[in-house]
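Everything on this sheet refers to the single structure shown next.
The values are calculated or read from the model by the stated rules, or taken from the named source; none is laboratory data. Since this is a predicted model, take the numbers as computed values, not measurements. With ideal geometry, Cβ positions are generated from the backbone for all residues, glycine too; neighbour counts draw on all protein chains shown. SASA here: full protein model, heavy atoms, side chains in, ligands and nucleic acids out. Shrake-Rupley method; radii C 1.70, N 1.55, O 1.52, S 1.80 Å.
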Amino acid sequence: MAVQEIAKGIYSVGALDWDIRDMHGYSTNRGTTYNAYLIIDKKITLLDTVKHYCMDQLLENIRQIIDPAKIDYIVANHVEMDHSGGLVQMMELCKPEKLICSPMGKKALLDHFHQEDWPYEVVKSGSEISLGKRTLQFLETRMLHWPDSMFSYLKEEGILFSNDAFAEHLCTSERYDDEIDMSILMQECAKYYANILYPYSGLVKKVIDTVDEMNLDIKMIAPDHGVIWRKHIDTIFEAYRQWSRGTASKKVLVIYETMWESTRKMAFAVEKGLLENDVSVKMINLKTMHYSDVIAEVLDARAILLGSSTLNNGMLPAMNTFIYYMKGLKPFNKLTASFGSFGWSGEAVGLMNEILEGLKLELVDSGIKHKYVPTEEALEACTEMGRRVGAKVAGEFTA
Ligand code: FEO
């Protein structure tokens with residue numbers, strides 16, 4: 001990443017990772033960036049480091065501005081290794097006066113790096129540290145994305161360094177939201193929210209409310225992945241408000257995996273009933289889409305209908321993977337139902353229902369299962385289920 005001065009004396013010095021395609025199970029099809037920021041003031045301050053194998057990029061960028069040894073403060077907004085992988089090397093190089101972190105951050109840093117003698121400076125929500133002409137104010141943002149996470153707000157410049165929040169996995173040499181295609185940007189933001197922040201939506205809502213109440217004059221949001229927001233700040237804030245509330249569109253997903261096409265036939269019979277109504281339908285064969293892309297579709301869907309054949313007394317493997325991944329991300333405000341074919345035991349539908357009920361999603365049907373190849377009657381039952389779900393969803397969106 002080329003160094004960019006994002007405000008006078010404030011530089012984006014992070015790294016581009018064009019090649020990464022997997023971030024703890026999340027398929028990062030467009031790569032990502034690990035952003036870090038350098039503030040030149042009386043106390044020269046570095047906000048976050050980068051993944052360990054990108055440290056050469058970070059150091060080269062910093063050296064274009066100053067000798068890294070001159071850094072006085074390092075702020076660790078988040079301890080996950082994509083932001084702290086280079087911290088040990090940076091601490092040795094800089095020997096900073098302060099390593100600024102949240103209370104949970106200190107614990108996490110100790111648990112990761114076991115360095116009792118680092119100069120920890122623990123800051124709580126509302127704490128401020130003067131850098132000279134400028135001031136950093138801190139806001140703990142627990143579980144956005146780990147317990148240690150925090151925002152740093154540079155008051156005089158109105159820059160919110162938001163770490164994982166308002167981020168997206170998108171590798172681009174452009175640095176700002178207004179320099180790239182907005183539809184791609186928002187698609188990646190939604191995917192990021194669904195895969196990273198979805199289970200913490202209640203806390204996201206609280207953080208957004210807190211930032212609103214603080215009445216900050218935010219001129220830029222500088223996250224640790226992807227682009228800096230300067231033109232579409234309201235858009236990303238509003239998207240987070242909606243996602244954290246579980247706002248849905250009139251979209252219905254039929255997500256299925258099939259063994260010998262019987263469950264696929266059932267899926268398309270469900271679709272037939274759905275399409276009798278004014279709803280948007282997406283058919284997702286789990287063999288054709290990565291589960292982390294499917295969960296991005298789930299984010300704003302009002303209904304998710306799941307189909308799996310039974311294999312060895314369970315679900316088919318891709319459905320098994322997807323449904324357990326989804327379970328961890330705790331989707332809410334969805335109508336659901338399940339269906340599937342079987343040969344002799346037929347557990348898949350019951351297992352899917354169990355997980356959907358455990359998530360407290362509204363089951364609109366007890367589930368449809370059919371032995372071997374579905375009959376016309378079985379397919380009509382699937383169509384009827386689709387018809388009912390479609391009518392319910394369409395009804396909610398009728399003025
Ligand atoms: Fe980008 Fe939770 O780390």
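Brief remarks follow.
- Per-pair calculated FRET efficiency, R0 = 45 Å: Glu276 and Lys219 via Cβ, rounded to 0.05: 0.35
- Bridgeable lysines around Lys369 (alpha carbons under 23 Å apart, same-chain partners fewer than 8 residues away excluded): Lys265, Lys272, Lys282, Lys287, Lys327, Lys334, Lys360, Lys392.
- With the helix formula -39500 (n - 2.57) applied to DSSP H stretches of n ≥ 4, the chain reaches a computed 222 nm mean residue ellipticity of -10500 deg cm²/dmol.
- By accessible area, using a 1.4 Å probe on protein heavy atoms only, the stretch 4-245 has 47% of its surface on carbon and sulfur.
- Taken along the Cα-to-beta-carbon direction at a fixed 7 Å, the label points for Lys371 and Ser345 span 1.7 nm.
- Descending principal axes extents, the chain, alpha-carbon based, whole Å: 77, 46, 34
- Taking only the Cα atoms of the stretch 251-398, the radius of gyration and Dmax are 13.7, 43 Å.
- The residues of the chain expose, per residue, 41 Å² of accessible area to a 1.4 Å probe.
- Size descriptors for the stretch 266-308 (Cα atoms only): Rg and Dmax, in that order, 10.8, 29 Å.
- Straight-line cross-link partners of Lys70 among the lysines, defined as a Cα under 20 Å from its Cα and at least 8 positions apart when in the same chain: Lys8, Lys42, Lys43, Lys95, Lys98, Lys133.
- Size descriptors for the stretch 28-84 (Cα atoms only): Rg and Dmax, in that order, 11.8, 41 Å.
- Rounded accessible area of Lys392 (nearest 10 Å², 1.4 Å probe): 90
- Sites Lys231 and Met143 - FRET efficiency at Förster radius 35 Å, r taken between beta-carbons, to 0.05: 0.75
- Pairwise Cα inverse-distance average, inverted: Kirkwood Rh of the stretch 163-270 (Å): 15.8
- The alpha-carbon atoms of the stretch 41-158, seen along their principal axes, cover 33, 33, 24 angstrom, with the largest extent given first.
- Here each label is just a point 7 Å from Cα along the line to Cβ, and for His24 and Asn312 those points are 2.8 nm apart.
- One chain, two ends: Glu396 and Lys42. Fully extended at 0.36 nm per residue, the span grows by 121.7 nm beyond their Cα-Cα distance.
- Each label point was placed 7 Å from the Cα along the Cα-to-Cβ direction; for Arg245 and Ser127 their separation is 3.4 nm.
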